[in-house]
Amino acid sequence: MIVLGIESSCDDTGAALVTDQKEILGEALQSQEEHKQYGGVVPEIAARAHLEHVDEMISVCLQRAHMDLSQIDAVAASAGPGLIGGVVVGVMSAKAIALALNKPFVAVNHLEGHALCARIAHPIEFPYLLLLVSGGHCQILVVKNVGEYQRLGTTIDDAAGEAFDKVAKMLGLGYPGGPVIDKLARQGNPEAFSFAKPNIPGYDYSFSGLKTSFLYNLRDWIKDDPDFIEHHKEDLAASLEKTIVDILMKKLRLAVKDTGIKHVAVAGGVSANNGLRNAFHDHARRYGWTVYIPRFSYTTDNAAMIGITAHFKYHDHDFCDINAPAFARIIADPSL
Ligand code: KG4
Ligand code: ZN
């Protein structure tokens, strides 16, 4: 049983062919560079770029798998949440192929894709905790089973990736800021500076206070030394990264303590961060957690996670009516 998965909900256009055994036969991904000059994803540009690349990604993916469309049993797309223009491109492409081949169309919740992404390489035991950290999301979920998710906490303002991106912008480091901060942080002292940490009850996150604290401190430092950023960018990056990772891990430790679940996975763009990955390994050693960290290529949005999720839905006969719309915000599972 082979599913063609399509991802186009933000700024990555991807296609992947996935088998029942969750084996990836072929995949292709195009990350849009067009947004760099604007300091963030521009929805209209994203939609046009998806339209331009989606067919090519599907063809490249088929070529890599040495297959043709007739060998596909179902077609899946990330049907939301996401930027509506991009989601529509993926959903309409998938529906067109499904209709032409007379095969079922599976609509996948993008967040469910992230939640199950950890299963690509590892047979993770249910239940597991998932830290989902991207540019748009920052949540702790209990993944009880396929289709059974309980959201313990979410951000009340910015997502962790946004915090990286916004501070990077203040430092003039370009967009997306996370990867640049990560690189600089490897050469800096994480204890050099300290920034405000939130005091929010429960499992929720907040990053707007950190962003403001960083900005006010930076203004003061620049008054004394106009070249402050240039002189200290490695230490600033390392200290910011440490603060964000500390905030993320503190709530996760609380969730592990309260739920007793020691299988912990991470997903989303920020899971590429080396400081966060090291913190996961460190927690595994110190607290006996079993951790699941995706390989780098699956930290970002990808079509393999859409294909994997579609398999589970396919086996439940959870197909989508060809007339069902794409969605930007309304999501199939209210807990996600
Ligand atoms: O999941 P993703 O590719 O797209 C969505 O937001 O859905 O995540 C992108 C986010 C951006 O905020 C980016 O700065 C952040 O992930 N990111 C990182 C790293 N790589 C990407 N943040 C910190 N360290 C990284 N190495
Ligand atoms: Zn995503």
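So what is log10(I(q)/I(0)) for the stretch 168-237 at q = 0.23 1/Å, when the Debye sum runs over its Cα atoms only?
For the stretch 168-237 at q = 0.23 Å⁻¹, log10 I(q)/I(0) is -1.14.
Given that compact globular proteins tend to follow 2.2 N^0.38 Å, what is the ratio of the alpha-carbon Rg of the stretch 134-272 to that value?
Computed over Cα atoms of the stretch 134-272, the ratio equals 1.11.
I want the antiparallel fraction of DSSP beta bridges within the chain, as a percent rounded to 5.
Percent antiparallel among DSSP bridges in the chain is about 60.
Can you give the convex hull volume per residue for the Cα atoms of the stretch 177-336, as a whole number of Å³?
166 Å³
Need the full-extension length gain, D258 to R186, defined as separation in residues times 0.36 nm minus the C-alpha distance. One decimal, nm.
22.6 nm
Relative to the present Cα-Cα distance, how much length would full extension add between D20 and R295 at 0.36 nm per residue of separation?
Between D20 and R295, full extension yields an extra 97.0 nm.
Which number comes out as Rg/Rh for the stretch 30-165 once both Rg and the Kirkwood Rh are worked out on C-alpha atoms?
For the stretch 30-165, the value is 0.99.
Taking a point 7 angstrom from the Cα of A284 along the C-beta vector, which residues in the stretch 133-150 have backbone N less than 17 Å away?
none
Given a Förster distance of 35 Å, report the FRET efficiency between K250 and M67 from their Cβ-Cβ distance, rounded to the nearest 0.05.
0.15
Would you please name the GluC sites (Glu not before Pro) within the stretch 104-177 that are DSSP coil residues with at most 16 other C-beta atoms within 10 Å of their C-beta?
Those satisfying the criteria are E125.
At a Cα cut-off below 22 Å, give the lysines reachable from K169, other chains included and same-chain residues fewer than 8 away excluded.
Within the straight-line cut-off, K169 pairs with K36, K183, K197, K211, K223, K233, K242.
Which helices pass in the chain if a helix is a full DSSP H run, must span at least 27 angstrom along its long axis by Cα, and must have mean Kyte-Doolittle hydropathy not below 0.0?
The answer, listed by residue number, is 43-65.
With the radius of gyration and the Kirkwood radius both derived from the Cα set of the chain, what is their ratio Rg to Rh?
0.99
Work out the P(r) tail for the stretch 1-62: percent of alpha carbon pairs separated by more than 19 Å, whole number.
35 percent
Enter the accessible area per residue of the chain (Å², integer; probe 1.4 Å; all protein chains in place).
Solvent-accessible surface per residue comes out at 43 Å².
Would you list R277, R219 from the most to the least accessible area, probe 1.4 Å?
Greatest to least solvent exposure: R219, R277.
Under a 5 Å amide H to amide H cut-off, with H placed in plane at 1.01 Å, what residues pair with C138 once short-range neighbours are removed?
Counting only residues 5 or more places away or on other chains, the set is T155.
Can you pull the one-decimal nm distance between simple spin-label points at H122 and I45, each 7 Å off the Cα toward Cβ?
Simple spin-label model gives 3.6 nm for this pair.
The values are calculated or read from the model by the stated rules, or taken from the named source; none is laboratory data. Here the structure is a predicted model, which is why all the values come from computation and not from measurement. Here the Cβ is made from the backbone with ideal geometry for all residues, glycine too, and neighbour counts use every protein chain on show. Areas reflect the complete protein model, heavy atoms only, side chains present, ligands, DNA and RNA absent. Shrake-Rupley method; radii C 1.70, N 1.55, O 1.52, S 1.80 Å.
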